[in-house]
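Before any comments, here is the structure.
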Amino acid sequence: MSYPIVVLISGSGSNLQALIDQSLQGKLNINICAVISNKADAYGLERAKSAGIATHALSHKSFDSREEFDTELQKIIDQYQPKLVVLAGFMRILTETFTKHFEGRMLNIHPSLLPKYKGLNTHQRAIDAKEAEHGVSVHFVSSELDAGAVILQASTKIENNETADTLATKVHSLEHIIYPLAVKWFSEERLSYDNGQAILDGKAIPENGIRYHKELI
């Protein structure tokens, strides 16, 4: 039986597409029950429709507060009874009530080697800081922005002539590898969350997560 998940997006949905592709290829035993976006024109909704997945557009601009939006979003998600919620480029800061409701069963992907460069414009910030490497992290979602327990990271070298755009392209390719892998671990019940700690195969994951290498797949 396929593992039920719901995916939240705000944009193009390239990580969503990676999950859809691996599911179709039999590499992921998941059922994407629904894709929800806070932007009606998000291209990721078209990706979902093309794959026969239910979609919802819920504009945060239609609500007077963040709390009201999150309450309605939670209602939509809960009607699908997913075992995992996947944030795939969902550009919203979530309330503590919402994150507590899905604690331990909600993942996010962030384009930096956390705890470095939380928030936005991570690629340019890494270049400006003259970092030797940059990358991406998959983590459990907590009430603090980009601060939940890190599960998995992948890195790439920052070249001398690197721009934010070229670095973003390299990081995106890593995202499409490690996010499906983390979802796979969770769906196979190898990955779990206990009292703020990410656990894989019964062992605590180090604070900065597991560094990706090909043997992990």
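What net charge is computed for the residues neighbouring residue 47, neighbours being all others with C-beta under 14 Å from the C-beta of residue 47, Lys and Arg scored +1, Asp and Glu -1? Combined, the nearby Lys, Arg, Asp and Glu give -1. Summing charges over neighbours of residue 143, with a neighbour being any other residue whose Cβ is under 14 Å away from its Cβ, gives -2 when K and R count +1 and D and E count -1. Exceedance of the 24 Å cut-off in Cα-Cα distance is limited, within the set 49/214; 27/83; 118/170; 100/157, to 49/214; 100/157.
A helix-only calculation puts the chain at -10000 deg cm²/dmol for mean residue ellipticity at 222 nm, using -39500 (n - 2.57) for each DSSP H run of at least four residues, averaged over all residues.
Think of the stretch 3-216 as a dipole: +1 on every Lys or Arg Cβ, -1 on every Asp or Glu Cβ, centred on the Cα centre; then among 139, 34, 119, 34 lies furthest on the positive end.
Taking a sphere under 15 Å around the Cβ of residue 199 and counting the other residues whose Cβ falls inside, with K and R at +1 and D and E at -1, yields a net charge of -3.
When the Cα centres of the stretch 40-114 and the stretch 190-217 are compared, how far apart do they sit, in Å? So the separation of the two Cα centres works out to 24 Å.
Sorted largest first, the principal axis extents computed over the alpha-carbon atoms of the stretch 1-159 equal 46, 41, 29 Å.
Under the convention that each Lys and Arg Cβ holds +1 and each Asp and Glu Cβ holds -1, the size of the dipole of the chain around its Cα centre is about 360 debye. In this structure the amide hydrogen of residue 149, modeled in the peptide plane, comes within under 5 Å of the amide hydrogens of 140, none closer than 5 places in sequence on its chain.
The alpha-carbon of residue 116 sits under 15 angstrom from the alpha-carbons of these aspartates and glutamates, leaving out residues fewer than 8 places away in its chain: 128, 131, 133, 144, 146, 207.
Every number in this text was worked out from the coordinates using simple rules, so none of it is lab data. Source: prediction; values computed, not measured. No Cβ is skipped: glycine too gets one built from the backbone with ideal geometry, and neighbour counts run over all protein chains shown.
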